[in-house]
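Below is one structure, written out as structure tokens; the observations come after it.
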């Protein structure tokens, strides 16, 4: 464009318009002035980089790339990301904290979305403030504590990744209704809760601190995660086509299947746990089905698992489970079949059992043990199925 024939006032206005908006603003009919530049409100609209909790809701409504930077959520104020636009990316940056919320109904982080990415920036920390709540009782009593620290329902090639979460009050990440998605490189570090505190009566201060609760999910890959906690490391219920790969568990109740329930719909099938480590834990690998429940657990494989310093059972399958204590008398309403243990090795402590299997009458079928070698237990193993007894 040549500027020699444009009056100086118009030229100055044109260049100013270019600097303000990046677009040409048409000259008026006299070519001596320009129309007013666009209002600058659009450049100061809803922030997609949130530094205050109050900015999150409008950002979710407007943005598809959101950063939550050093958010300090007030008491009773959840980070709600349940209405994310399709394809949205959310990044947790800096340190995320929550005000003390004395309620078992409180869910500090809630996520739902289609084809979304939820991730942590390098060095970021999400801190649940667990020491404010831990009393050795978890969700079984004592001080009311936020349950399900992070509730996640993501679908259609979504991914949850690269999060470092520490000191969550009770249950960790609840993967409920996750479909065709991946969870990877998550650290759940509740190791601070291993030691007793002044109100836990000598018990580990943190309790019921499940790592990952997987329920009602289909086609989920959970991989490359590390969990330090005081309850199930990963527990799968009412789901199908779930693979748990390369997970490290310490201080937990092990890698678990929780089967059965009241009424229809409590079926679990095509579950793989592979290439993982369970150490310093109560149990190694476990299938527990509720006493007097119905449902099924079919086609489950535990492959390439290393166990060490296991306190109760190396491999545990029991159909007498009740929260807070087992009955010792199995029921047979949950069909458990096609269960494979391949290349499972390791050590339990002398006071533990290498194997414990307690099936209901006729409810277990086709258990396969190949390359299984668990040693160290001084308490005699007990297996009422298969007919040949325990693997050893």
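Condition first: surrounded by fewer than 17 Cβ atoms within 10 Å (Cβ to Cβ) and in contact (Cβ under 8 Å) with a residue 60 or more places away in the chain. Now tell me which residues in segment 204-231 satisfy that.
None - no residue of segment 204-231 is surrounded by fewer than 17 Cβ atoms within 10 Å (Cβ to Cβ) and in contact (Cβ under 8 Å) with a residue 60 or more places away in the chain, so the list stays empty.
A quick yes/no check of all residues on (1) part of a loop (DSSP other than H, G, I, E, B); (2) outside the structural domain of residue 161 (by TED's automatic domain parsing); (3) without any contact (Cβ under 8 Å) to a residue 40 or more places away in the chain; (4) surrounded by fewer than 18 Cβ atoms within 10 Å (Cβ to Cβ):
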{"residue": "55", "(1), (2), (3), (4)": "no, no, yes, no"}
{"residue": "61", "(1), (2), (3), (4)": "no, no, yes, yes"}
{"residue": "68", "(1), (2), (3), (4)": "no, no, yes, no"}
{"residue": "77", "(1), (2), (3), (4)": "yes, no, yes, yes"}
{"residue": "83", "(1), (2), (3), (4)": "yes, no, yes, yes"}
{"residue": "87", "(1), (2), (3), (4)": "yes, no, yes, yes"}
{"residue": "91", "(1), (2), (3), (4)": "no, no, yes, yes"}
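Against the condition surrounded by fewer than 17 Cβ atoms within 10 Å (Cβ to Cβ) and touching a helix residue (DSSP H, G or I) at 6+ places or on another chain (Cβ under 8 Å), how does residue 143 come out, does it pass?
Numbers: surrounded by fewer than 17 Cβ atoms within 10 Å (Cβ to Cβ): yes; touching a helix residue (DSSP H, G or I) at 6+ places or on another chain (Cβ under 8 Å): no.
The answer is no for residue 143.
With the checklist (1) within 11 Å of the chain's Cα centre (by Cα); (2) surrounded by fewer than 18 Cβ atoms within 10 Å (Cβ to Cβ); (3) under 16 Å from residue 133 (Cβ atoms) in hand, flag the one item residue 184 doesn't pass.
Unmet for residue 184, out of (1) within 11 Å of the chain's Cα centre (by Cα); (2) surrounded by fewer than 18 Cβ atoms within 10 Å (Cβ to Cβ); (3) under 16 Å from residue 133 (Cβ atoms): (3).
Can you find a residue in segment 148-155 that is closer than 18 Å to residue 229 by Cα, more than 11 Å from the chain's Cα centre (by Cα) and touching a residue at least 60 places away in the same chain (Cβ under 8 Å)?
no
State whether one or more residues within segment 349-358 are in the same structural domain as residue 270 (by TED's automatic domain parsing) and within 27 Å of the chain's Cα centre (by Cα).
Residues of segment 349-358 in the same structural domain as residue 270 (by TED's automatic domain parsing): 349-358.
Next cut, within 27 Å of the chain's Cα centre (by Cα) only: none.
No.
The values are calculated or read from the model by the stated rules, or taken from the named source; none is laboratory data. As the structure is a prediction and not an experimental result, all values here were calculated from the model. So basically every Cβ, Gly included, is an ideal-geometry build from the backbone, and we count neighbours across all protein chains shown.
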